[in-house]
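One structure is given here, and the rest of the page talks about it.
Where a number appears in this text, it was derived from the coordinates with a stated rule and is not lab data. Here the structure is a predicted model, which means the values were calculated and not measured. Here Cβ is always computed from backbone atoms with ideal geometry, including for glycine, and neighbour counts include all displayed protein chains.
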Amino acid sequence: MNALTRSLVRFIWLGVSISLIGSCSNESESGTPEAGNWYPVRVGATWIYQVDSIWIDCVAGRNDTFRYQVRERMDGWISGAGGDSLMKITRQMRNDSSQNWGIPRIWHTRLAPGKAIKTEENNSIIKLVFPMKIGLSWDGWAFISEPAPELFEYVEIDSPFLGFDSTALVVQRNNENLLEKQYFAERYARNTGLIYAYRCDVTGIVTNPDDPNDCSALLPPDQPWSVIPILKRVKFGYQYEQKLLEYIP
C-alpha cells in the first residue's frame, strides 16, 4: 500500500482522535502521571470536533468542500483478545448541531508501557510516547505491516494554542517536494486530550506536453509551475482540519 493510498484510507474513516487505557477499576493504574495529564480518560468523557475538508481531483473536475461534526465518547472498559483492558470509544458524525448523531463506529484504546495506542478501523497507531521530549521520534505505525517506519515526532511541548496554555504538537508526516506534499499533525492539550488535527496529502500540477490530463490550463499563464506553491496547483488530494468544539469531562 503506497503512502497516498494509505493516507486516503485513513482520511475516509476520518481517523483523528486521542485516548488512553487503564485498568477497569482505575484508569490511571496502567499509565503514568504524565499520561494521565495529557489523557483525561473517564467513562462518559466526550469530545466534539468541527471538521472541514477539501477534496480535489482536477482531471475529474472535482473540488469539493465538506463540513461536519465528529463526536467521540468513552463508553466503558472491555477486555481485549490478549486480556488487556480496552476503553471503548463510540464515534459518530453529523452535518451540524441541528441534526442527530449518525450510526456509531466503535474504536478502542490501550496503554502499553510508555506509549498510548489507539485502534482506528483495526489499525493500531502509537499516538504518543512517554516521557515527552522535543525531538523524540517513534514509529507510529509499528503495529502495521509497512514498507518503512512512519516516524512521529514531538515538535512542541507546553506551547499555547487555540486558547490552551499547554499543548504538545506531534508531527506524524512531513514530506514536501515539487511534486507532492504530505503533512499530518495532531495537537494535544493538558487535561483535555486531542484539540486539533491537520492532514494534507496532495499531488501538484506539473506541465507536461505529453499528458493531456496534466491540468496545466488551471495554472497562471505567466508563471512556470515550479515557482507556484504546491497548495495553489493541486492536481489530486485532500486537506483535512479538525478543531475541538467541546470537551465534556
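Of note:
- In this structure, ASN213 and LEU179 have a Cβ-Cβ separation that, at R0 = 25 Å, corresponds to a calculated FRET efficiency of about 0.95.
- Computed from Cα positions, the angle between helix 3-12 and the longest principal axis of the chain comes to roughly 60 degrees.
- Modelled label reach - LYS115, point 7 Å along Cα→Cβ, segment 131-165 residues with backbone N closer than 18 Å: 131-155
- Only alpha carbons enter this Debye calculation for segment 132-244, each as an equal point scatterer, and the log10 of I(q)/I(0) it gives at q = 0.10, 0.19 Å⁻¹ is -0.42, -0.99.
- Max mean-square fluctuation residue, GNM over the chain, Cα-Cα springs under 10 Å, options SER226, SER98, SER159: SER98
- Rounded to the nearest 20 debye, dipole of the chain from Cβ charges on Lys, Arg, Asp, Glu: 560 debye
- Averaging over all projection directions, the Cα-based convex hull of the chain occupies 15.3 nm² in the image plane.
- Kirkwood radius for segment 80-170, taken over all pairs of different Cα atoms as the inverse mean of 1/r, rounds to 15.4 Å.
- Charge dipole magnitude, Cβ of K and R +1, D and E -1 - segment 201-249, Cα centre, debye nearest 20: 140 debye
- Largest mean-square fluctuation among ILE56, ILE228, ILE48, in a Gaussian network model of the chain whose springs join Cα atoms under 10 Å apart, belongs to ILE228.
- Calculated FRET value between ILE54 and ASP84, using beta carbons and R₀ = 41 Å, to 0.05: 0.60
- Among THR46, THR65, THR109, residue whose mean-square fluctuation peaks in a GNM of the chain (springs only between Cα atoms under 10 Å): THR65
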